[in-house]
Structures are given as structure tokens and as C-alpha cells.
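First comes the structure, then the notes that go with it.
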Amino acid sequence: MGEFEEFAEALFGQLSVEINEEKEIAKLANLAKEDLSQKVTFEKLEDIANQAYPILKKKVEEFLGIKIADNLKIEFPELIELKKLKGEKVFSDEKSKVFVRELFGAVANEDLNKIAELMKKDTAKYLVYSTYAIQYISKISTTYGDYLDSIIYLNKFVLSRYPQIILHKQGEPYESRFANVNSGYLGAVKMTVLEELIHSTQEKLHQLNKNAATQVNLINEELATIILGLDNQAVNNLSEYLQLQAVPDDFPFAKKANLFFFLNPDHFLIEQIGPDVMTFTHVEIDPKISNAIPQLLDIYKKWLNPIQQHHAAFTLMEGMAGFAIENILKDDQDFQNYLTTFMGTDFSSYQVRKSMGKDFTRIIYEKFGENAFKKLIEYPPNTREIKEPQLYLNRIKQ
């Protein structure tokens, strides 16, 4: 087996916990469905979502003061299609988009040979985008929905199976326990549709986030190309200086991959400086590292602005959604039952969960009321303003 094939196997090794969990979910759901079939029946996900949609659409419009587009659609992808969809949420330029689609398709189908082929075809792109495959696909079982290009996607694999599994685990008598679990199921669907409806109003923020993330990925591709071009001695010396895990000499790609993953600014700067790097305007690095890769400091400097734009836009998008869900569903019994039956928590605990974006949104809402959401979308905050909301309030005085 060649080095690329072994690296492809290692990728699935990193995803093994999630892949095994997916198989376990499918197995448990089949057992539950068989056991419950003669006793209770959960309504189809499609029917629940389509019934809830117009009611939730109206509630979002009333709370945000923003009209939701009339052309939105809801789709219900199963597992493989959902994994492929995740590739569409990796923002890259058009040259890299085809590679990303092929990579996510190969991961979705567990096609080891195709992944090794893609590695050989464009090793730099593989280094950058394989991290997304691991990060995004590992969250499939905890991600109920997605929004992209006027379509709300609901995770049918999880949402249509969890209620059956939860009720089955609770045990007999199913009939008396059904109402509570079914209510939690409705609450999960309501919450998910609501969240993606809110994201559908954030197109300006979405575009800002997309452009910034694309720039970040291009910068990371540039760094990967530079590291892949280093001679073996330079790689060995730098790896030893950074105390990276030793790799045998007959695995040159793995050595360079380790170096890239360590020096990738998303890892290196945040690990070395911490999350405060999101408000920095300047960075410095160890001269010995800079001497080994003279272009590195310029790459880090170029990375600061787009990563901060990406961080600010994403934090605000999630914070707005979290704040709106909390307020719109605070008296909804189905949502309360979702928290207890699916999440093992309650609304009070949910409400106090810390979130920089949600806390920021709350402060702006307390100042501007319904107009807050239009202002936040029209005049997005930067990372420092999210951290210190008064700076934002000073900038956009009514």
C-alpha cells in the first residue's frame, strides 16, 4: 500500500467513531421501528415540517421585522446526500470547488481509492479541504438542519430516527410515553425549521462569510503549496525544532502534512496566541520558523483580516438565530419537551448557555428592539465590536 492510500485510511480512522455511530443509529432505529410498529406511529418528518413552516415563517417575520423570501424550499436529504451537501458549505474559489465536491462525495461513499487519487491529483488542496471533511462530517449526528441557496435542508437521517430510538430506550409502556417523546420530536423540528428560516434572512452576512472563508482557504492553499515545495532537510529540521511527532523518512508526504497542519494559521496562531488573535491587527512569529519559511509571516498577516471577517459574520449569524429561537419558542411546550427528552436539559439551562454572538445580539436588541436585526444585517459588527458591544452601539447611533 502506498503512502497516499495509507493517508486515506487514516482519514477514515479519524472518522471511525462517527461512522460507527451512524451505523448504530441506523441499527437501533430499525429495531425500534420493528418493536413500535404495532403500538405507536410517529408522523413523517416531511408532514410535520411542511405543517409547521407557514406558522414559523410568520413568527420569524414578526420577531425580526424582516420579510422572508417566498421562494424558499424544504428538502430532506438522507445520510449520503447530506454529507455531499456539507461540501457545498465549504467555501472555495471555482477552481477548488470541483475538488471539494469530489472529496466530499468520496468521503460520503467511503471510497478510499478515490480519496488517494484526489490526494495525488492536488495534494495542497487535499491538505486544506480534508480538514473540513473531518470537521463537518463528524457533526452529522448533532446537526439537524442546514440552509444554503434558498433551500432549508432537514437532516432526515437523524430527525426521523431519534424519536423512535428515544421511545424504544425508555421502554414499555410505549403508548403512555409516546405523547411526551412525540412532543419533543415536534419541538426538534420546530427549532430546526425556525433556525434555518432565520438564516435565510441573513443573505448579506452569508455572502460576507462566504467571501471571507474563500479568502482564508486560498491563503491556506498557498501555505500548503509552499510547505509541499520544501526540501526534505528543511522539513526535518523544522519538524524537529517544533517537536512534531517523528515520522519515518519513507513517508515524506506525512512529514509535510504534519508540518502544514501545525503551521496552518487556524491552528498555529490560535494555539499560540489564543482566541484574542481575532481582534489583533498584527502578529509576530519565532525568527527560526520565519527563517525556515520566509513567506510565512506575510501569509499570517494576510490571513488576519479575512479570518476576522469570517469569525464576526459566523458568530453574528449563529448568535442572532440563538437569540431569536430562545425568544420565539420560550413558551412552546414542544420545545420544552425537546430539551428534556432529546437533550436532557431544561429551558432555564438552555437560556443561560454562554454564547458571545447571542449575548451581543441581546444587548443590541435591548437598545433597538425589532430594528436591531435589520441594523445588524445592514451594518455587521467586527470582531472587536462583538467582544465590546458598546463600540458597535457608538458606531451605529440611532
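The residues of the range 3-396 expose, per residue, 47 Å² of accessible area to a 1.4 Å probe. Taken about its Cα centre, the chain carries a charge dipole of roughly 1100 debye when the Cβ of each Lys and Arg holds +1 and the Cβ of each Asp and Glu holds -1. Of the solvent-accessible surface of the range 166-286, computed with a 1.4 Å probe and all protein chains present, 51% belongs to carbon and sulfur. Backbone geometry of the range 140-155 corresponds, through the Karplus equation with coefficients 6.51, -1.76 and 1.60 at θ = phi - 60°, to 3J(HN,Hα) couplings of 4, 6, 10, 10, 8, x, 8, 10, 7, 6, 6, 10, 8, 9, 9, 6 Hz, x marking Gly and Pro. For the chain, what is the Kirkwood estimate of the hydrodynamic radius, computed as the reciprocal of the mean inverse distance between distinct Cα atoms, to one decimal in Å? After inverting the mean inverse Cα-Cα distance, the result is 23.3 Å.
For LYS375, a cut-off of 16 angstrom between C-alpha atoms picks up these lysines, skipping any fewer than 8 places away in its own chain: LYS67, LYS204, LYS358, LYS367, LYS397.
The packing ranking, built from the mean of other Cβ atoms within 10 Å per residue, places the peptides 16-24, 57-65, 160-168 in the order 160-168, 57-65, 16-24, highest first.
Excluding residues on the same chain fewer than 8 positions from LYS256, give the lysines whose Cα lies under 25 Å from its Cα. Filter leaves LYS95, LYS97, LYS114, LYS120, LYS121, LYS125, LYS288, LYS301, LYS302.
From the protein chains alone at 1.4 Å, what is the descending order of accessible area for ARG362, ARG395, ARG177, largest first? It would help to have the intermediate numbers written out before the result.
Working: ARG362 60, ARG395 120, ARG177 85 Å².
Most to least solvent-accessible, the answer reads ARG395, ARG177, ARG362.
For ILE307, the solvent-accessible surface with a 1.4 Å probe is about 10 Å², rounded to the nearest 10.
When only C-alpha pairs under 8 Å and at least 6 residues apart count, what is the relative contact order of the range 3-396, in percent? Don't skip to the answer; put the middle values down first.
Values: 448 pairs, mean separation 83.8, N = 394.
The normalised contact order for the range 3-396 reaches 21 percent.
When each of the peptides 36-48, 198-210 is scored by how many other beta carbons lie within 10 Å of its residues on average, the order from highest to lowest is 198-210, 36-48. Less than 18 Å apart at the alpha-carbon level, and either on another chain or at least 8 residues along: which aspartates and glutamates does that give for LYS210? Qualifying aspartates and glutamates at Cα under 18 Å: GLU88, ASP93, GLU94, ASP146, ASP149, GLU196, GLU221, ASP266, GLU318, GLU378. Sites listed here are GluC sites (Glu not before Pro) in the range 280-371 whose DSSP assignment is loop and whose Cβ has at most 15 other Cβ atoms within 10 Å: GLU284, GLU370.
Once a ≥ b ≥ c are taken as the square roots of the eigenvalues of the Cα gyration tensor of the range 265-398, is the result rounded (a/c under 1.5), prolate (a/b larger than b/c) or oblate (a/b not larger than b/c)?
Numbers: a/c = 3.54, a/b = 1.76, b/c = 2.01.
Verdict is oblate for the range 265-398.
Mean residue ellipticity, 222 nm, helices only, the chain: the sum of -39500 (n - 2.57) across DSSP H runs of n ≥ 4, divided by residue count and rounded to 500, is -23000 deg cm²/dmol.
What do you get when you divide the Cα radius of gyration of the range 114-202 by 2.2 N^0.38 Å, with N the number of residues? Let's see the in-between values first.
Numbers: Rg = 18.5 Å, N = 89, 2.2 N^0.38 = 12.1 Å.
So the Cα radius of gyration is 1.53 times the expected 2.2 N^0.38 Å.
Long hydrophobic helices in the chain: the complete DSSP H runs spanning 30 Å or more by Cα along their own axis with mean Kyte-Doolittle hydropathy of at least 0.0 are 174-200, 296-328.
Ranking VAL100, TYR132, ILE68 by Cα position along the charge dipole of the chain, where only Lys, Arg, Asp and Glu carry charges on their C-beta atoms, puts ILE68 farthest toward the positive end. Put simply, the amide H of GLY145, placed in the peptide plane, has neighbours under 5 Å in ASN155, leaving out anything fewer than 5 places away on its chain. Around the amide H of GLU75, modelled in the peptide plane, lie the amide H atoms of ILE152, TYR153, LEU154, all under 5 Å away and 5 or more residues distant in sequence or on another chain.
The values are calculated or read from the model by the stated rules, or taken from the named source; none is laboratory data. From a predicted model like this one, the values you see are computed outputs, not experimental measurements. Cβ sites come from the backbone with ideal geometry, for glycine too, and all protein chains shown count toward neighbours. In case anyone asks, the SASA skips ligands and DNA or RNA and just uses the protein heavy atoms, side chains included. Shrake-Rupley method; radii C 1.70, N 1.55, O 1.52, S 1.80 Å.
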